[in-house]
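The values are calculated or read from the model by the stated rules, or taken from the named source; none is laboratory data. None of these values were measured; they are calculated from a predicted model. Here Cβ is always computed from backbone atoms with ideal geometry, including for glycine, and neighbour counts include all displayed protein chains. Note: accessible area is taken over every heavy atom of the protein model, side chains too, but ligands, DNA and RNA are not part of it. Shrake-Rupley method; radii C 1.70, N 1.55, O 1.52, S 1.80 Å.
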Amino acid sequence: MIVVTGATGNVGRSLVRTLAAAGEKVRATSRGISARDVPDGADWRRADLADVESLRATFDGARALFLQSGGASAHLLDPGAILDAAGAGGVERVVLLSSQGVATRPDSPSHGALMRSIEDAVRRSGVEWTILRPGGFASNTYAWAESVRTSRTVAAPFGDVGLPVIDPADIAEVAATALRDPAHAGQVHELTGPALITPRQQTEALAAALGTPIRFTEQTPDEARAQLLHFMPEPVADTTLAILGTPTPEEARVSPAAERILGRAPHTYAEWARRNGAAFR
């Protein structure tokens with residue numbers, strides 16, 4: 001049995017389907033999950049990573065765990081307690097979804113230090129572990145969906161700064177491999193897409209996927225910051241803008257890890273847009 005936490009998220013949902021399609025027995029969990037969120041044959045349980053007691057029954061009988069690091073709620077987690085509960089349930093291998101920021105923004109409370117503390121707990125857990133450190137997700141542009149649907153516009157800062165964003169489905173496929181193959185034990189995989197792409201180019205790719213023009217407007221950093229503060233704390237917003245506007249050489253580097261593990265090039269943003277265009281129609 002493989003337990004997938006965060007199973008209704010962009011990575012977790014794809015991972016559950018990838019494992020189920022491969023014939024693995026999988027148990028999907030998140031706070032609001034229901035039967036319609038999982039493929040036929042997959043088990044599902046409602047549980048909250050911030051409530052360890054709710055996880056115990058979920059871990060019972062599991063041999064491997066995909067641990068989503070909590071996203072915006074990461075500061076609420078007790079990773080040591082989660083891993084103790086997982087071990088008590090039988091888990092022998094953990095694949096952690098961490099962040100590239102552990103290496104590139106080590107002094108950032110949200111992107112570096114917090115994720116590092118979760119990684120350290122995994123390393124101390126006594127089970128086999130693999131850590132995934134993706135950069136920016138292609139799915140972050142779901143934030144543009146409403147403006148694209150209603151006015152065929154995108155507003156974003158740093159229109160001509162490129163980053164190698166990764167398709168969450170590729171992260172899920174890497175995770176599925178690491179969960180089943182002990183050769184990945186003790187490894188840290190930095191995951192990116194195949195090429196740099198700017199917000200302006202992402203807008204063009206979305207327009208091509210939808211078959212309709214989309215107008216790009218470049219926000220000032222202050223405008224973007226004010227928008228981000230509606231749904232994330234100030235330190236997270238500031239670090240996010242720093243990554244988008246002045247990425248480090250490491251953040252702008254295309255990592256070979258995904259292609260090496262997948263045996264193919266990771267998906268481009270344009271491929272992601274064609275597959276997920278319905279969200280923007």
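When 183, 176, 169 are checked against the criterion of being among the hydrophobic types (A, V, I, L, M, F, W, C) and surrounded by fewer than 17 Cβ atoms within 10 Å (Cβ to Cβ), a single residue qualifies: 183.
Just one of the listed residues (80, 112, 126) is over 21 Å from residue 240 (Cα atoms) and touching a Gly at 6+ places or on another chain (Cβ under 7 Å), namely 126.
From the list 79, 39, 106, pick out the single residue that is open to solvent by less than 40 Å² (accessible area, probe 1.4 Å) and within 21 Å of residue 236 (Cβ to Cβ). Outline the logic, then answer.
Working: 39 fails: within 21 Å of residue 236 (Cβ to Cβ); 106 fails: open to solvent by less than 40 Å² (accessible area, probe 1.4 Å).
Just a single option satisfies the conditions, and that option is 79.
Taken residue by residue, region 98-121 has no member that is outside any helix (DSSP H, G or I) and among the aliphatic types (A, V, I, L, M).
Only residues that are touching a residue at least 60 places away in the same chain (Cβ under 8 Å) and surrounded by fewer than 14 Cβ atoms within 10 Å (Cβ to Cβ): list them for region 64-76, please. Scanning region 64-76 gives 71, 72. The residues listed here are 169, 205, 209, 195; of these, the one that is closer than 20 Å to residue 275 by Cα, within 15 Å of the chain's Cα centre (by Cα) and small (Gly, Ala, Ser) is 169. Condition check for residue 129 on (1) part of a helix (DSSP H, G or I); (2) open to solvent by 40 Å² or more (accessible area, probe 1.4 Å): one failure, at (1).
Do we find that residue 20 is more than 18 Å from the chain's Cα centre (by Cα), modelled with pLDDT of 95 or more and of a type in the set (Gly, Ala, Ser) in this structure?
Yes.
Being surrounded by fewer than 17 Cβ atoms within 10 Å (Cβ to Cβ), over 23 Å from residue 177 (Cβ atoms) and either charged (D, E, K, R) or more than 19 Å from the chain's Cα centre (by Cα) (or both) narrows it down to one residue among 152, 123; which is it? The unique qualifying residue is 152.
Filtering region 246-265 down to residues that are more than 20 Å from residue 102 (Cβ to Cβ) and in contact (Cβ under 8 Å) with a residue 40 or more places away in the chain, which residue is least open to solvent (accessible area, probe 1.4 Å)? This residue is 262. Check region 209-217 and report whether any residue there is surrounded by fewer than 18 Cβ atoms within 10 Å (Cβ to Cβ), under 25 Å from residue 13 (Cβ atoms) and at pLDDT 95 or above. So far as region 209-217 goes, no, none of its residues is surrounded by fewer than 18 Cβ atoms within 10 Å (Cβ to Cβ), under 25 Å from residue 13 (Cβ atoms) and at pLDDT 95 or above.
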